[in-house]
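Structure first, then comments.
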Amino acid sequence: MTPRTVISAALLILGGAFFLAGTLGLLRFPDVYSRLHALTKADNLGLGFVAVGLSIEAASFALSVKVFIVWASVVLASGISSQLIAGAAFRAGVAPAGKAPPGEAP
Amino acid sequence: MPPWLAYAASGVSLFAVGMSALVLHGEVMRKILAANVSASGVFLVLVALARRAPKGPPDPVPHALVLTGIVVSVSATALALALVRQLRHGAQLGPSDERRR
Amino acid sequence: MIPPIDLLLATALPLIAWRVLATDELPTSVVLFIAFGLLSALAWARLDAPDVALVEAAVGTGLTGALLMSSLRSMERPRPPSPWRARAIALVAAAIAVALASVVALLPRGALGLGPAVLARSEESGVAQPVTAVLMNFRGHDTHLEMLVLLAASIGVLSIQHGTASHGVDTAPTSSVVMMLVELIVPALVVLAGYLVWRGSRAPGGAFQAGAILAGGAVLLLLTRRMAPLSLERQMVRMFLFAGPVLFFLVAAVPLGFGGDMLEYPRGWGGSLILGLESALTLSIATILTMFFPQGAPAPRRRG
């Protein structure tokens, strides 16, 4: 077990833990906005750790660059989609937990 | 059990789940989803069977078949969805409209 | 011993499929279906089928999922079936599944199929990637007919949409953040599509994956109203739509005039012909897939 493999494995497990946290947030948070928050933040960070862990063990430099391009596109895509979902929910009048629906008096 | 057999068994159960849902449920959208699931099951069986050689490259012919199958099933789904939209929200074209065309 | 990830995937797939079909709310079903598609792509990757994984992720999951989402307005109220009917059908389905599984298990275990035959002749085909060689050369007839199927489906969708009431495209006002992100991602998608077509001759890739990615970009542009719906009245749209099938037909029919068989590529020309064909096919596939979306074609002119 070279130190490289150990570090890579540790990073992968750390990434997995962040994904677990994001899923927990998805299941337990009270409204769509906080769930989006949990998903985009925690999952993308988890993916970042997985990407670093994989690129350490990658066969070539080009492969690790590709892994990071994948991570960057995922961040871009989840940025777009979470904005769209939150905007659509806001316009549909979904209320943040514990507050009044948008447009009404608090 | 070699891995391909597990996937083939998975594909067979997918086919069965899809077929039973297709027959069981009355809602059209659910039938479309069920048909897609069945198709995925069949594809899984095909690709699993292509992987039977214990070592070396897999058989590319089933891969090509499945590739074609996925694209064709998307077109069928798109056509089915267009028909569903027409069913639910279609404009009423009366006989006078037909003659004018 | 079977690797744990394979066991996990093989058991997860039917379970998720069951949840997709047993959920009452349609939007949940559609989202679960997209997750199911992603797991399927993983299964293809585990089975050493990267080309299939790419097509499944782009077309089977991405485009089908987006198509289903855009049709969510057409959902009906769930009508739960009677429990006795459900049990009877489940029993029959289980019996069929057991029969099929035993047939599959009885198949010869180490069979190599047509793999060695394809690999032996792949140099002659003009491309190094075996799946592309099978798709575009050895089984080129299948791909040709597949293009005609796609064309027929798109004509069908267009003519049906002509009779559907203009539904007011569901595009909400988009924020500048989304516009900026779309402006970043769509050029990258175009480059990626071009790369996939070019790479299809020596590595997983090809016309279908590239076309699906282009279609995804086109749908993004449509939804943010950066692009007008694809109307058949525009010369460019007609050219893109028919470029693939017409070129394929020409390449297939021309050898007949020179005493060869249909779709017989001249010696040494295989690689270039296939690349040219795939490029034309990419454009056609992208156009057809975009037109499958209700926003992809202009709203019909209402009469009276």
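Just so it is clear, none of the values below were taken in a lab; they were calculated from the coordinates. In this text the structure is predicted, and so the values were computed from the model without any measurement. Neighbour counts run over all protein chains shown; Cβ positions are idealised from the backbone, glycine included.
Stretching the chain fully between A:Ala95 and A:Lys66 yields a gain of 6.4 nm (0.36 nm per residue, less the alpha carbon separation).
How do B:Tyr7, C:Tyr195 line up, fewest other C-beta atoms within 10 Å first?
Numbers: B:Tyr7 26, C:Tyr195 13.
Lowest count first: C:Tyr195, B:Tyr7.
Helix by helix, which DSSP H runs in chain C go 18 Å or more along their axis at the Cα atoms and have an average Kyte-Doolittle hydropathy of -1.0 or more?
Numbers: long enough: C:4-22 (27 Å, 1.60); C:26-46 (30 Å, 1.67); C:83-106 (34 Å, 1.79); C:140-162 (33 Å, 0.81); C:176-199 (34 Å, 1.97); C:207-223 (24 Å, 2.05); C:235-257 (30 Å, 1.76); C:270-292 (32 Å, 1.54).
The qualifying helices are C:4-22, C:26-46, C:83-106, C:140-162, C:176-199, C:207-223, C:235-257, C:270-292.
For the Cα atoms of chain A, what angle does the longest principal axis make with the long axis of helix A:61-92, in degrees from 0 to 90, nearest 10? So the helix axis and the longest Cα principal axis differ by about 10 degrees. For chain A, a/c is not less than 1.5, where a ≥ b ≥ c are the root eigenvalues of the C-alpha gyration tensor, and a/b does not top b/c. That puts it in the oblate class. Each 5 Å bin from 0 upward holds the following percent of the Cα-Cα pairs of the range C:93-216: 2, 8, 9, 11, 12, 13, 14, 12, 8, 6, 4, 1. Using alpha carbons only, how many angstrom separate the centre of the range A:66-96 from the centre of the range A:21-55? Spelled out, the Cα-based centre of one part sits 12 Å from the other.
Taking only the C-alpha atoms, wrap a convex hull around the range B:3-100 and report its volume per residue in Å³ as a whole number. It would help to have the intermediate numbers written out before the result.
Details: hull volume 9.9 nm³, N = 98.
Taking only Cα atoms, the range B:3-100 has a hull volume of 101 Å³ per residue.
Projecting the Cα atoms of C:Gln209, C:Pro27, A:Gly93 onto the dipole axis of the protein assembly as shown, where Lys and Arg carry +1 and Asp and Glu carry -1 at the beta carbon, places A:Gly93 farthest toward the positive end. Give the shape of the range C:1-72 as rounded, prolate or oblate, defined through the alpha-carbon gyration tensor: a ≥ b ≥ c are the square roots of its eigenvalues, a/c under 1.5 means rounded, and otherwise the shape is prolate if a/b is larger than b/c and oblate if not. Note, shape of the range C:1-72 comes out oblate.
Given Cβ point charges of +1 (Lys, Arg) and -1 (Asp, Glu) and nothing else, what value in debye, to the nearest 20, does the dipole of chain C about its Cα centre take?
Details: 20 positive and 17 negative charges, 165 e Å.
My answer is approximately 800 debye.
The Stokes-Einstein estimate for the protein assembly as shown, based on a Kirkwood radius over Cα pairs and taken at 25 °C with 0.890 mPa s viscosity, is a diffusion coefficient of 99 µm²/s.
Three principal axis extents describe the C-alpha atoms of chain C; from largest down they are 62, 61, 38 Å.
Here the sum of -39500 (n - 2.57) over DSSP H runs of 4 or more residues, divided by the residues of the protein assembly as shown, equals -24000 deg cm²/dmol at 222 nm, to the nearest 500. Within the same chain, aspartates and glutamates fewer than 8 places from A:Lys99 are excluded, and of the rest, those with a Cα less than 17 Å from its Cα are A:Asp31.
The three principal axes of the C-alpha atoms in the range C:40-113 carry coordinate ranges of 49, 35, 15 Å, sorted with the longest axis first.
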